[in-house]
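Read-outs: derived from the displayed coordinates by stated rules, not from any lab. These numbers come from a predicted model, not from an experiment. Reconstructed Cβ throughout: ideal geometry from the backbone, glycine too, with neighbour counts over all protein chains shown.
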Amino acid sequence: MCMIQHELKRNYKSFLIWALVTGGCILVFMLIYPEFGDMPESISSMYAQMGAFSDAFGLDRIGIETAVGFYGVEGGTMLALGGSMFAAMLGCGMLAKEEGGHTAEFLYGAAGHRSRVIGAKLAVVFILITLFSLFCLGCGLLSFVCIGETVEWGKILLLHGAQWLMCMEIGAACFGISGFLRKNNVGVGIGIAIILYFVNIFINISDKLDILKYVTPFYYGDASRVLTDNAISAGAVAGGWSIGLILCCVGIFHYMRKDLAA
């Protein structure tokens, strides 16, 4: 418990910054919606017919003339990018920072068995990603209240649930990758999140890349797909989480056996 509290204290500033920025952007974007609320459906249809651009961002599947549709396109994109980068950076740095900061020898010597520390750090990843998701959900619900729109609870909770699963998968995979790193590398985390995001865009554009839906969690977290189908793709979740858990377990196994830099 002391280790969990220690890690929460070490990461709370980063958590606050990412949560406030992401949640604040969601709120601000939705405050703009009333300017588009009276948009005729013909304009929304025009956006849906912009070829590859519409396909890439799901505008061919979801209409932005409704509050929940606008929320999915604007808020959902911001939540996906902000949440994924926060989860990736958090996971990638959780184990590697001890060697990079030359605290590994003291930490693992004082705490006893290495597995206790790893378990505590993994728990912190889960806690912070969950708190981040709940904070963004609160900002999203507040935005609907501010603009006077009815909250479609089923769709909103389903979307945020998919995004939480997506961030947790990325966080778990990057936690495993952290076991192979010698120091905290922010660029690795951001790079992983951005690559996975663009993989989903390529899938949206070309059906030939559909097999990659099992690689990127952005597929099942895509707001246009979740809100249109009113469901989360179970197959994509199973495939993605299998990869994420394998990476996490392999990274932990390697970290348990390797010689740590003092």
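In nm, to one decimal, how far is the modelled label at His6 from the one at Arg257, with both set 7 Å along Cα→Cβ?
It works out to 2.7 nm between the two label points.
Go through Lys97/Lys121; Lys13/Lys155; Lys9/Lys258; Lys155/Lys213; Lys9/Lys121 and tell me which ones have a Cα-Cα distance over 20 Å in this structure.
Beyond 20 Å: Lys13/Lys155; Lys9/Lys258; Lys155/Lys213.
Calculated FRET efficiency, Ala234 and Leu20, Cβ-Cβ r, R0 25 Å, to nearest 0.05?
After rounding to 0.05, the efficiency reads 0.15.
Return the sequence-ordered ³J(HN,Hα) values of the stretch 170-175 in whole Hz as given by the Karplus equation 6.51 cos²θ - 1.76 cosθ + 1.60 applied to θ = phi - 60°, using x for Gly and Pro.
Result, rounded to whole Hz: 5, x, 5, 5, 6, 4.
I need the phi-derived Karplus couplings for the stretch 68-77: 6.51 cos²θ - 1.76 cosθ + 1.60, θ = phi - 60°, integer Hz, Gly and Pro marked x.
Those phi angles translate into 5, x, 4, 4, x, 6, 7, x, x, 5 Hz.
Round to the nearest 0.05 the FRET efficiency obtained for Glu35 and Trp153 when R0 = 22 Å and r is the Cβ-Cβ distance.
0.35
Can you run phi through the Karplus equation (6.51, -1.76, 1.60; θ = phi - 60°) for the stretch 134-148 and list ³J(HN,Hα) in whole Hz, with x for Gly and Pro?
So the J values, rounded to whole Hz, are 5, 5, 5, 4, x, 5, x, 5, 4, 5, 5, 5, 5, 9, x.
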